[in-house]
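As structure tokens, the structure follows; a few thoughts come after it.
The values are calculated or read from the model by the stated rules, or taken from the named source; none is laboratory data. All values reported here derive from a predicted model rather than from experimental measurement. Here the Cβ positions follow ideal geometry from the backbone for every residue, glycine too, while neighbour counts run over all protein chains shown.
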Amino acid sequence: MSPIAPNSDPRPEALPEKLIVFDTTLRDGEQSPGASMTRDEKIRIAKMLERMRVDVIEAGFPMASPGDFESVQAVARAVRESTVAGLCRATAADIDRCGEALKDAAQARIHTFIATSPIHMKMKLRMEPDAVIEAAVAAVQRARQWTDDVEFSAEDAGRSEIDFLCRIVEAVIDAGARTINIPDTVGYNVPQQFAETIRALRARVPNAGRAVFSVHCHNDLGLAVANSLAAVLAGARQVECTINGLGERAGNAALEEIVMAVRTRQDVFGCDTRIDTTQIVPASRLVSGITGFPVQPNKAIVGANAFAHESGIHQDGVLKHRETYEIMRAEDVGWTANRMVLGKHSGRNAFRARMEELGFGFGSDAELNTAFARFKDLADKKHEIFDEDLQALVTEAALEAGNERVRLAYLRVGSETGEIPVAEVVLSVDGSERRARAQGSGPVDAAFKAIEQILEAGAELKLYSVNAITGGTDAQGEVTVRVEKAGRVVNGQGADTDIVIASAKAYVNALGKLGANAGRAHPQLGDV
């Protein structure tokens, strides 16, 4: 084995009263059905998280597939300021695969786990409790051969017996685990109960002071953030969370809600994160655009209505003194009234400068020229260009780059009162053009049927969603479609000022993903 370079500061006590933010958007967030990300998309999100000053970025599950291994390896090479973590089961093969993926990281963490609840040990692992402890200890010891930064998770700790949890936690700390993660894997706990579990572990485990206690809460009962914050009050000093609360089933604790609750209520929590909160909204938009999961308008912190006031009483109060109805400043989390002043007469340097301010760099002049040409095309259609438009532009370019086999070349639709809508579609498939014509209940339905005639994908449409990227009748429409075939679920995205064209782009993107990723395993080999 080739050990990973040691982290610069291995002592948990070196950061008193700091709450460590462990972001698992790239791992647990990707386990949302249809939220799979390409390697380049993962790098873009990881760089945004690094800019936000996230402490630990969990990049994926290297053993899940060759693609996951490559993505973790790429993120480990791209990120220099944050610790990069990989998840692995408590097996030698998983741990070594994780170590290999992380060996180029500036700061690396191996995150290993095994189930500890009676139902999981009996029904899933089919192991006796003593054997589970033995496997956990062996896993931590093996991980320590790769790095001094090892995290151990007791899967389904929320339904585990406290006496057994104490035994296994003490054993893995003695074996070298520096972080102990207590997950509410199935979202079963309530805040008072979960906080008591953390208090009991910290009080009863003799060597508890040698590790940081962490929590990872799921949102099945809508309590992920509440449970996480209750655990922080009980002494947990790491919270595992995701951008926009993305994640398996009902999702995880939302990073933006955890960070702003702790930041806003310093009088209650007595700890703080090092997060640059002005990057929260840009990160939310980036993740939403890449995954195709829109943010609901009334979502805390990052929803479009989070700082909106319609009530006359509220408006009057805010105008007289903002803090009458606002406990946070919109600017502090990245909201801005800034409008893009770029237009069709803007130059390449101004475009490049604004894109870099938004966190999008260009590796070559060719990449810049391609993006600038797209910007000019959009500027011909829209009078005003907003930051959201530029983010959608970059996302769409990445989607097309990842689906080079199939491209929408031409679309013509006809729709009028009393007539059946019809669509003509031309797709470029492996460099050759294919044409089809179909009728439908509407122009979008007709376009989808024509695309299906050409590609013969046989996929079932599970979701069709339209969101306006900005305001105004000339706004770009952002379309998300979710399709399923043979148990595989993928999302497709498309954006255009013409909503029918955006829909066709999204459908082509989704069907292209089905073909491109046919051999990719779902990352959930085990959940924590």
_Residues satisfying the stated conditions in region 173-190, i.e. outside any loop (DSSP other than H, G, I, E, B), touching a Ser or Thr at 6+ places or on another chain (Cβ under 9 Å) and free of Cβ contacts under 8 Å to residues at least 40 places away in the same chain_ = 180
*Limited to region 391-425, what total is found for residues that are assigned to a loop (DSSP other than H, G, I, E, B), modelled with pLDDT of 90 or more and not acidic (Asp, Glu)?*
5
*Could you list, in sequence order, the residues of region 158-167 that are over 16 Å from residue 215 (Cβ atoms) and outside any loop (DSSP other than H, G, I, E, B)?*
163, 164, 166, 167
*Please work out if residue 373 is in a helix (DSSP H, G or I), surrounded by 13 or more Cβ atoms within 10 Å (Cβ to Cβ), modelled with pLDDT of 80 or more and among the small types (Gly, Ala, Ser).*
no
_Quick check on my filter: what residues within region 268-304 are in a helix (DSSP H, G or I) and of a type in the set (A, V, I, L, M, F, W, C)?_
268, 269, 280, 281, 283, 286, 287, 290
*Can you confirm whether region 248-261 contains a residue that is in the same structural domain as residue 152 (by TED's automatic domain parsing), at pLDDT below 95 and of a type outside the set (A, V, I, L, M, F, W, C)?*
yes
*Would you please name the residue that is nearest to residue 186 (Cα to Cα), looking only at residues in region 200-252 that are of a type in the set (D, E, K, R) and not in a helix (DSSP H, G or I)?*
220
*asked:* Any residue at all in region 110-119 that's assigned by TED's automatic domain parsing to the domain that holds residue 68, part of a helix (DSSP H, G or I) and surrounded by fewer than 24 Cβ atoms within 10 Å (Cβ to Cβ)?
replied: yes
_List the residue pairs whose Cβ atoms are under 8 Å apart, where the first residue sits in region 481-506 and is closer than 17 Å to residue 442 by Cβ and touching a residue at least 40 places away in the same chain (Cβ under 8 Å), the second is basic (Lys, Arg) and part of a helix (DSSP H, G or I), and the two are 6 or more positions apart or on different chains._
494/505
*How about region 136-157: which of its residues are within 20 Å of residue 92 (Cβ to Cβ), touching a strand residue (DSSP E or B) at 6+ places or on another chain (Cβ under 6 Å) and in a helix (DSSP H, G or I)?*
136, 139, 140, 143, 144
